[in-house]
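Please treat every number below as a calculation from the coordinates, not as lab data. Quick caveat, the model's predicted, so the values are computed rather than measured. We place every Cβ from the backbone using ideal geometry, glycine too, and count neighbours over all the protein chains shown.
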Amino acid sequence: MLKLFDHISKRKKIFQSSEHDRVKIFLCGPTLYDLTHIGHARIFLTYDLLARHLYEKGFLADVLVNMTDINQNVFNKTIEQKIDYHELTKFYSDEFVQDLFLMNIHTITRLARASDYVPNMVENISQLIDNGYAYSANGNVYFDTSKSNEFGHLSKQSQVDLDLHRLDIGPNKKNHSDFLLWNSSDDFGFYWHEKFGTGIPWWHIQDTTIALENFGAQYDIHGGADELVFPHHEAHLAQLKSLAETKEPVKFWMYTSLVLSKGEKMSKSLGNMVLARDIIKKYDQNILRLYLFSTHYREKINYNEQDLSQKKMLLDKIHLTKLKLSETSSDTVSALCKNFFECLDDDLDSPSAINTIDRICDTVLNGDRISKEDFDKLMRVMGLVIR
Ligand SMILES: [Zn+2]
């Protein structure tokens, strides 16, 4: 029985999908102005592992990833590189798809670009205004957080905590925590002319619209990096509730923790970014998976290349084990295989699952038996390609 940690209830809950055997998963995807570093890789690999585990359990994982191309950083990059907006975002979306391929991620069923949904975003903002959840102030449109009685629920903040933030500062906002739906600035070099004036749909309404258009009023899991909880997902949840009039539009909020490099978050400006493609080129994608999955997805990783390279020992053992496949598995190995799936059932406990694989390899290399079927199943779920 699969249990996943839900960020709202702060506990592991038994997983049940909202639609029979289909599991709808929304992942906050890349902003299209940079390449995939291993912090990003960790997010996509974690949900790839989850999707693979769900498949093995008989579910169909329907994984939607949004690609943010309406964003300040994207616009800054077009100016910095004197490049056309469409050309820039096309380049980075192609590179992202290439990175997914390099990481052996084939579980994403839908890739959505924010700019393809602008008319729907405009419709949603209009609906929020019409229903009294949003208002105009100095050309911008804001979500009125005082109308959402559970605002702060996801990030566990009281009204006092929320008031300490200065979100989306602008004149004539009603509450400190009100956030932008439409930014009327034309400083971005790219904008739409809509009934609210010239501007761009802001970050949070982009996700909400993409989720509603693809999944409707309710989906099973929302995933992404834990730094997105506030304000991004708090805003997304408030919008979803107001637009879909559903009490629980998302059943599980599931977050991956950061990969730190030299003690800090990876960023280009700090010069500590490690690209997934570079690691894969130097080692391979199996090593990247074994390394990232050796820490539970809710724990931080302090990236260290030596720790990563040490995973080669386990990979070598796995390769040797493949040379010893039998017709059937022994009782001991069957019990260990069962244990592997129990580990993943326990909130995707990949470190314990990897330890179990290690034990299986030791057992088989000491003369015990594993069937091809069992071996292939373990590799398939972990996304390891052993030739
Ligand atoms: Zn997002």
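On the principal axes of its alpha carbon atoms, the stretch 1-107 extends 53, 29, 25 Å, with the longest extent given first.
For a straight C-alpha distance cut-off of 12 angstrom, the aspartates and glutamates reachable from residue 265 (same-chain residues fewer than eight places away being disregarded) are 227.
Straight-distance candidates among the lysines for linking to residue 282, with alpha-carbon spacing under 18 Å and chain neighbours fewer than 8 residues away dropped: 311, 312. Dipole orientation for the stretch 310-382: of the candidates 341, 330, 361, 361 has the Cα lying most toward the positive pole (charges on Cβ; Lys, Arg +1; Asp, Glu -1).
Between the stretch 130-181 and the stretch 210-256, the alpha-carbon centres lie 17 Å apart. Taking other Cβ atoms within 10 Å as a rough exposure proxy, 177, 155 sort from fewest to most as 155, 177. Note on the stretch 310-382: with charges restricted to the Cβ of Lys and Arg (+1) and Asp and Glu (-1), its dipole about the Cα centre is near 440 debye.
The relative contact order of the chain comes to 19 percent, based on Cα pairs under 8 Å that sit 6 or more residues apart.
Here the stretch 15-259 carries DSSP beta bridges of which approximately 35% are antiparallel, counting only pairs with both residues inside. Sorted largest first, the principal axis extents computed over the alpha-carbon atoms of the stretch 286-387 equal 41, 27, 20 Å.
Both radii are taken from the alpha-carbon atoms of the stretch 114-264; with Rh as the Kirkwood radius, Rg/Rh is 0.96. Sequence-distant contacts, meaning Cα pairs under 8 Å at least 6 residues apart, place the relative contact order of the stretch 172-304 at 19 percent. Cross-link partners for residue 322 among the aspartates and glutamates, with Cα-Cα distance under 17 Å and sequence neighbours closer than 8 places in the same chain left out: 358, 362, 368, 373, 374, 376. Note on 150, 234: ascending count of other Cβ atoms within 10 Å places them as 150, 234, the fewest first. Across the stretch 240-387, C-alpha contacts under 8 Å between residues 6 or more apart give a mean separation that, scaled by the residue count, equals a relative contact order of 24 percent. The residue 127 and residue 379 beta-carbon pair, evaluated with R₀ = 51 Å, returns a calculated FRET efficiency of approximately 0.60. Summarising the strand pairing of the stretch 189-345, around 35 percent of its internal DSSP beta bridges are antiparallel.
Only Cα sites of the stretch 222-276 enter the Debye sum here, all with the same form factor; the resulting log10 I(q)/I(0) across q = 0.21 1/Å is -0.81, listed in q order. Here the stretch 167-256 is treated as a sphere whose radius is the Kirkwood value from Cα pairs; by Stokes-Einstein at 20 °C and 1.002 mPa s it diffuses with a coefficient of 149 µm²/s. With only the Cα atoms considered, the chain has a convex hull volume of 137 Å³ per residue. Taking other C-beta atoms within 10 Å as the exposure proxy, 97, 160 rank 160, 97 from fewest upward. Dipole check for the chain: with +1 at the C-beta of Lys and Arg, -1 at the C-beta of Asp and Glu, and the Cα centre as origin, the magnitude is about 820 Debye.
Report summary: the helix-based calculation at 222 nm, which adds -39500 (n - 2.57) for every DSSP H run with n ≥ 4 and divides by the residues of the chain, gives -13000 deg cm²/dmol. For the stretch 214-360, the ratio of Cα radius of gyration to the globular rule of thumb 2.2 N^0.38 Å stands at 1.34.
Principal semi-axes of the equivalent ellipsoid, √(5λ) from the alpha carbon gyration tensor of the stretch 301-353, are 25, 19, 6 Å from largest down. Taking every DSSP bridge with both residues inside the stretch 3-152, close to 40 percent are antiparallel.
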